[in-house]
Amino acid sequence: MISPIGWFIIWLGILFDILGTIGLVRFPDVYNRLQASTKCVTLGTFGIMVGIFLLKGFSPMGIKALICGAFLLLTSPVAAHALMKGSLHFGTKMWKGSVVDKYGEDKLGGEQIEKEG
Amino acid sequence: MRYVLYFIIGFCLWLLLTLSVNLDHLIVGVVVVLLGTVLFGGYFTDKPIKFLQIHRLFWFIVYIPVFIWYMFQANIDVAYRALHPERPIKPGIVKIKTTLKTNIAKVFLANSITLTPGTMTCEIDGDYLYIHWIWVQSELVDKASEIIASRFEKWLRRIFE
């Protein structure tokens with residue numbers, strides 16, 4: 001009974017990974033792309049890890065997969081946060097459809113949004 | 001005290017990772033965890049006693065499924081926006097105010113916000129967080145705080161404060 005659930009979760013994870021990659025291609029600027037890649041790829045890879053744990057049980061491989069999953073949940077948002085802050089400070093402009101930029105107003109002296117056309 | 005706790009947690013993690021009580025593994029583990037403790041123990045939590053309070057642990061375990069459910073919603077949301085032919089996004093960076101006080105609680109709040117629907121933390125500045133939002137619903141500080149942060153704050157306050 002456990003095995004089909006494990007395979008289902010693994011396939012769900014792969015599906016989310018693919019959707020995240022599609023988002024990475026379709027979204028317009030670095031910030032939106034980070035959103036897509038961080039969320040989908042974190043849950044997708046976490047799903048694959050949990051699936052492996054369900055398939056292998058409390059064996060060395062299963063426990064390692066679970067620990068990898070936990071560390072992924074802790075570190076992936078931090079990495080995304082660092083990339084985002086880096087691109088803000090580097091001066092990468094936001095997409096021209098963006099509506100507000102409080103960070104630019106407060107810290108960088110003006111909205112960092114691309115002009116139309 | 002905090003160094004001792006750091007050592008114990010690190011060593012338990014090492015035991016889980018190797019899953020053997022071979023003498024070689026134990027010696028390498030002690031050396032590596034000691035090195036980690038000396039290097040990074042100083043950054044560990046200020047009040048280690050909080051780790052030993054059962055109700056905090058209980059709320060943390062309750063928080064995990066709640067968090068995974070929000071993450072699942074976030075993925076459906078991003079997938080919808082990525083696959084929709086018109087690509088319905090209205091991004092922007094908004095500012096929110098948090099009522100959490102301790103550093104570790106703020107870190108968890110920022111991480112939770114990053115992995116949940118349409119929001120992502122750019123920077124923490126004192127009590128204020130700058131959030132990149134893929135579909136801006138409100139530019140006002142109070143309204144945005146209520147929409148984004150309040151659903152996590154009530155859990156995190158029980159766990160960390």
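Does at least one position in region A:73-82 carry a residue that is out of contact with any Leu (no Cβ under 6 Å at 6 or more places or on another chain) and under 23 Å from residue A:110 (Cα atoms)? Full working, then the answer.
Applying the first criterion (out of contact with any Leu (no Cβ under 6 Å at 6 or more places or on another chain)) to region A:73-82 yields A:73-76, A:78-79, A:81-82.
Of the ones still in play, those that are also under 23 Å from residue A:110 (Cα atoms) are A:81-82.
Within region A:73-82, one or more residues are out of contact with any Leu (no Cβ under 6 Å at 6 or more places or on another chain) and under 23 Å from residue A:110 (Cα atoms).
Scanning region A:51-71 for residues that are surrounded by fewer than 21 Cβ atoms within 10 Å (Cβ to Cβ), under 21 Å from residue B:61 (Cα atoms) and in contact with a Leu (Cβ under 8 Å, 6 or more places away or on another chain) yields A:62, A:63, A:64, A:67. None of B:131, B:104, B:89 is open to solvent by 60 Å² or more (accessible area, probe 1.4 Å) and either under 20 Å from residue A:94 (Cα atoms) or modelled with pLDDT under 85 (or both) except B:104. Residues in region A:33-71 that are in contact with a helix residue (DSSP H, G or I) (Cβ under 8 Å, 6 or more places away or on another chain) and polar (S, T, N, Q): A:35, A:37, A:38, A:42, A:45. Within region A:83-108, if we keep just the residues that are among the charged types (D, E, K, R) and within 24 Å of the chain's Cα centre (by Cα), the residue that is surrounded by the fewest Cβ atoms within 10 Å (Cβ to Cβ) turns out to be A:96. For the residues B:9, B:54, the requirement of being open to solvent by 50 Å² or more (accessible area, probe 1.4 Å), more than 14 Å from every other protein chain (Cβ to nearest Cβ) and not acidic (Asp, Glu) singles out B:54. Here residue A:111 meets each of (1) more than 7 Å from every other protein chain (Cβ to nearest Cβ); (2) in a helix (DSSP H, G or I); (3) open to solvent by 70 Å² or more (accessible area, probe 1.4 Å) with one exception, condition (2). Give me the pairs: first residue in region B:40-69 and touching a residue at least 24 places away in the same chain (Cβ under 8 Å), second residue surrounded by 13 or more Cβ atoms within 10 Å (Cβ to Cβ) and hydroxyl-bearing (Ser, Thr, Tyr), beta-carbon distance under 6 Å, and six or more apart or on different chains, which are they? That search, which allows pairs on different chains as well, returns B:41/B:3; B:41/B:6; B:44/B:6.
Scanning region A:79-108 for residues that are facing chain B (nearest Cβ under 9 Å), within 21 Å of residue B:107 (Cβ to Cβ) and touching a helix residue (DSSP H, G or I) at 6+ places or on another chain (Cβ under 7 Å) turns up A:80, A:81, A:84, A:88, A:103. Among residues of region B:70-86 that are closer than 18 Å to residue A:14 by Cβ and facing another protein chain (nearest Cβ under 7 Å), those with a Cβ under 6 angstrom from a residue that is open to solvent by 50 Å² or more (accessible area, probe 1.4 Å) and part of a helix (DSSP H, G or I), sequence gap 6+ or separate chain, pair up as B:82/A:22; B:82/A:26. Considering the conditions (1) within 13 Å of chain A (Cβ to nearest Cβ); (2) within 26 Å of residue B:129 (Cα to Cα), residue B:25 is excluded by exactly one of them, (2).
The sole residue among A:75, A:38 that is in contact (Cβ under 8 Å) with a residue 12 or more places away in the chain and either facing chain B (nearest Cβ under 10 Å) or open to solvent by less than 50 Å² (accessible area, probe 1.4 Å) (or both) is A:38.
From the list B:119, B:114, B:98, pick out the single residue that is open to solvent by less than 10 Å² (accessible area, probe 1.4 Å), in contact (Cβ under 8 Å) with a residue 12 or more places away in the chain, within 28 Å of residue A:15 (Cβ to Cβ) and not hydrophobic (A, V, I, L, M, F, W, C).
On the way: B:114 fails: in contact (Cβ under 8 Å) with a residue 12 or more places away in the chain; B:98 fails: within 28 Å of residue A:15 (Cβ to Cβ).
Going through B:119, B:114, B:98 in turn, just one is open to solvent by less than 10 Å² (accessible area, probe 1.4 Å), in contact (Cβ under 8 Å) with a residue 12 or more places away in the chain, within 28 Å of residue A:15 (Cβ to Cβ) and not hydrophobic (A, V, I, L, M, F, W, C): B:119.
Taking region A:1-35 as the range and being at the interface with another protein chain (Cβ under 8 Å from one of its Cβ atoms) and open to solvent by 50 Å² or more (accessible area, probe 1.4 Å) as the test, the residues that pass are A:22, A:26.
The values are calculated or read from the model by the stated rules, or taken from the named source; none is laboratory data. As the structure is a prediction and not an experimental result, all values here were calculated from the model. Because the Cβ atoms are built from the backbone with ideal geometry, glycine has one as well, and the counts that use them run over all protein chains shown. Surface accessibility is based on the protein's heavy atoms, side chains included, excluding ligands, DNA and RNA. Shrake-Rupley method; radii C 1.70, N 1.55, O 1.52, S 1.80 Å.
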